[in-house]
1. Please tell me if Val243 is in the same structural domain as Thr32 (by TED's automatic domain parsing), more than 17 Å from Gln58 (Cα to Cα) and either modelled with pLDDT under 95 or among the β-branched types (Val, Ile, Thr) (or both).
2. Can you tell me which residues in segment 259-317 are of a type in the set (Lys, Arg) and out of contact with any strand residue (DSSP E or B) (no Cβ under 6 Å at 6 or more places or on another chain)?
3. Which residue, of Ala266, Ala271, Ala277, is of a type in the set (A, V, I, L, M, F, W, C), at pLDDT 95 or above and over 30 Å from Asp89 (Cβ atoms)?
4. If a residue has to be of a type in the set (Asp, Glu) and over 14 Å from Leu255 (Cβ atoms) to count, how many in segment 135-149 make the cut?
5. Find all pairs meeting these conditions: Cβ atoms under 8 angstrom apart; at least six residues apart or on different chains; first residue within segment 129-155 and of a type in the set (Ser, Thr, Tyr); second residue loosely packed, with under 14 Cβ neighbours inside 10 Å.
6. Looking only at residues in segment 161-219 that are among the acidic types (Asp, Glu) and in a helix (DSSP H, G or I), which one is farthest from Tyr263 (Cα to Cα)?
7. Among residues belonging to segment 37-72 that are of a type in the set (Gly, Ala, Ser) and assigned to a helix (DSSP H, G or I), point out the one that is farthest from the chain's Cα centre (by Cα).
8. If only one of Gln274, Gln265, Gln297 is part of a helix (DSSP H, G or I), in the same structural domain as Asp89 (by TED's automatic domain parsing) and free of Cβ contacts under 8 Å to residues at least 60 places away in the same chain, which one is it?
Amino acid sequence: MKTLVSRRPAVQKQKVWPQGKKKRVLIIAGPTAAGKTQLSLSLAAALGGEIISADSMQVYRGMDIGTAKASAEERASIAHHLVDICEIDQPFNVAQFYQHVQDAFCEITARENVPIVVGGSGFYIHALLYGPPSGPPSNREVRELLERQMRDLGPEVLYERLQMFDPEYAATISEFDRHKIIRALEIMALSERRVSDFPKPDRLQEQEYDFRCWFVYYPKETLYTRIEMRCEEMVRKGFLDEVRALELKGLRNNLSASQAIGYRQALEFLASPQSAADLELFMSQFKKSSRHYAKRQFTWFRKEPLFRWLNLEEHSLERLKELVLQDFEQGN
């Protein structure tokens with residue numbers, strides 16, 4: 001499947017890949033509202049790069065405001081991959097992400113451009129570096145049965161079932177992780193093994209690329225203020241109208257997309273009387289969930305040894321760009 005969405009290729013730059021060495025790939029990670037998009041666009045323009053989204057929700061058409069997608073103009077000037085490749089009623093998982101990215105790497109490097117992976121999904125980026133999780137391929141009939149049970153019985157019942165059969169894995173997720181609950185039960189149904197019995201990728205996968213990994217961030221006090229301002233700006237831009245339109249297209253039936261930060265809270269608001277008090281509760285929960293997600297992103301990437309951290313309060317955008325480019329061009 002094609003991963004390239006933008007119609008125009010990145011600006012071509014003259015690059016000399018180190019002879020006999022692996023081609024380099026930039027990975028720009030960071031918490032929500034940290035400014036990854038602006039930095040990645042600047043780097044792509046300087047390097048002749050093409051951007052690969054590592055956001056699990058930006059694959060969906062129509063999930064624009066709530067996922068903070070790059071604008072249409074930005075995507076027209078710099079080629080983007082893994083953006084707008086699925087309809088809202090189509091499932092998308094980490095194994096598909098991994099294959100799409102490998103295809104994108106081949107396309108981009110064949111054009112002598114630089115792949116720049118950008119996003120905050122630690123799970124997806126970990127899979128890119130260490131390989132996708134083990135387990136049998138998804139089975140449509142089993143998946144549909146479990147999804148129907150999730151809708152009819154609720155996540156608490158299926159989570160209790162997971163706790164009964166695989167308490168070790170269940171302890172690593174919560175009852176709100178509907179997609180992971182279903183996938184775990186599907187794996188056990190198909191393999192007759194617990195998820196925790198499968199080996200976990202923990203060694204860097206041998207690949208033909210040299211990954212240069214950066215985590216850009218603001219200190220939490222500053223970041224939380226930025227997050228709250230972004231939530232308010234999203235609502236002003238029409239986020240609730242976006243969710244209304246997606247609901248008509250089947251958002252509630254997509255177990256992962258309907259639980260995405262902001263979208264879950266918006267769906268709850270739309271199912272309420274939509275009073276002033278309901279709107280205030282929605283905004284409060286939207287901001288709180290976004291802050292908690294950022295906190296989890298910090299926790300995840302602290303465990304990733306390949307990433308170097310850059311404090312955005314200590315460096316200007318130009319200085320950040322200079323540091324990353326210097327490492328890309330000269331680093332060992």
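1. Values: in the same structural domain as Thr32 (by TED's automatic domain parsing): yes; more than 17 Å from Gln58 (Cα to Cα): no; either modelled with pLDDT under 95 or among the β-branched types (Val, Ile, Thr) (or both): yes.
No, not satisfied.
2. First, pick out the residues of segment 259-317 that are of a type in the set (Lys, Arg): 264, 287-288, 291, 295-296, 302-303, 308.
Listed by number, the residues that qualify are Arg264, Lys287, Lys288, Arg291, Lys295, Arg296, Arg302, Lys303.
3. Working: Ala266 fails: over 30 Å from Asp89 (Cβ atoms); Ala271 fails: over 30 Å from Asp89 (Cβ atoms).
When all the criteria are applied, what remains is Ala277.
4. Step one: list which residues in segment 135-149 are of a type in the set (Asp, Glu), which gives 141, 144, 147.
Adding the requirement that they be over 14 Å from Leu255 (Cβ atoms) leaves 141.
Number satisfying all stated conditions: 1.
5. That search, which allows pairs on different chains as well, returns Tyr130/Asp202; Tyr130/Arg203; Tyr130/Leu204; Tyr130/Gln205; Ser134/Pro199; Ser134/Lys200.
6. To start, the set of residues in segment 161-219 that are among the acidic types (Asp, Glu) comprises 166, 168, 175, 177, 186, 192, 197, 202, 206, 208, 210.
Right, trim to in a helix (DSSP H, G or I) and you get 168, 186, 197.
On the way: Glu168: 29, Glu186: 25, Asp197: 33 Å.
By that ranking, first place goes to Asp197.
7. Step one: of segment 37-72, the residues of a type in the set (Gly, Ala, Ser) are 40, 42, 44-46, 48-49, 53-54, 56, 62, 66, 68, 70-72.
Retained after the next criterion (residues that are assigned to a helix (DSSP H, G or I)): 40, 42, 44-46, 72.
Values: Ser40: 15, Ser42: 20, Ala44: 19, Ala45: 22, Ala46: 24, Ala72: 19 Å.
Residue satisfying both the conditions and the ranking: Ala46.
8. Working: Gln274 fails: part of a helix (DSSP H, G or I); Gln297 fails: free of Cβ contacts under 8 Å to residues at least 60 places away in the same chain.
From the options Gln274, Gln265, Gln297, the qualifying one is Gln265.
The values are calculated or read from the model by the stated rules, or taken from the named source; none is laboratory data. Quick caveat, the model's predicted, so the values are computed rather than measured. Here the Cβ is made from the backbone with ideal geometry for all residues, glycine too, and neighbour counts use every protein chain on show.
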